[in-house]
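Enquirer: Have a look at this one.
Read-outs throughout are calculated quantities, based only on the coordinates presented, and are distinct from any laboratory measurement. Since we're looking at a predicted model, the values are computed, not measured. For neighbour counting, all protein chains shown are included, and Cβ atoms are generated from backbone atoms with ideal geometry for every residue, glycine included.
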Amino acid sequence: MQNKPRCLPIAVLAVAVACGGSPKGGGASAPTPETPATAGEADAGFESAAPAGTREIPATCAKGVSDPCVPDAAFVKRLCDGSYPDVALALHGKDTPFTRIWLRGDVDGWNADSGASARARLRTDEEVLVLRKRTAPANGIVVGAGGGYLVMRWDGNCYTLEDGELATRRPRAPKQAPIPWRFLEEKTRNALLARPKVLAAFQRRGKECKGAVSGDVSRACETADAALSEAVVAEVRTGIALPLPEKLP
């Protein structure tokens, strides 16, 4: 696929989505998006909610870069310097061109390029989105191992991984990082709760976790929490139109 190097203003990508009101699912009213939240602590369709031209979410490969296809470098720098779980969902959308790769095994992840992301355990077969291919500098000095990639998990956090830790072939059942539900913007949560499978997973989590957001939880709560993340990811992969995030890199 040939991509013209450009970034589309989000306003151009706008798609009106009705995010107000209570989503319906099996005749039951949805709990408010604020509670319960996930115990873990993230489609390219958008509706305009910020002044046009203030920020952009890349919609094509960075200029002069197509293999791997990555977002604009300046955008990536801002993205990894903060926390943008709603933007992470947008970048992972069904129709975005950015390269995905997968973990060969469990990895203790950290960002050798600095940034706001905390250390985390990345899992075998986890899907990540490529933000930049790393190369050793001319002087041969690099923090951590040379080469590899700067990647973003589904929760919006950035990590540097070595070539040997990654696979380019999609596994049969790719995994994803836990989605930080309570840190998603309200209108994003409302749009997701309008989908019956997400609503059912959300209600199930509320029943099992009883409002817990951290600390010790039951195995049933952990399972329900993971199921909510999986339901969100499934909707994004199939092309749900989400509202434009208020907070952008």
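Enquirer: What's the exposure ranking of Asp86, Asp81, going from fewest to most Cβ atoms within 10 Å?
Expert: Asp81, Asp86
Enquirer: Same structure, new question: Nearest 20 debye, what's the magnitude of the dipole of region 73-167 about its Cα centre given +1 on Lys and Arg Cβ and -1 on Asp and Glu Cβ?
Expert: 220
Enquirer: Take Lys133 and Thr223, extend 7 Å from each Cα along the Cα→Cβ direction, and tell me the distance between the two endpoints in nm.
Expert: For Lys133 paired with Thr223, the spin-label model returns 4.3 nm.
Enquirer: So, one more: Over all directions, what mean area does the Cα convex hull of region 73-167 project, stated in square nanometres?
Expert: Its average projected convex-hull area is 5.9 nm².
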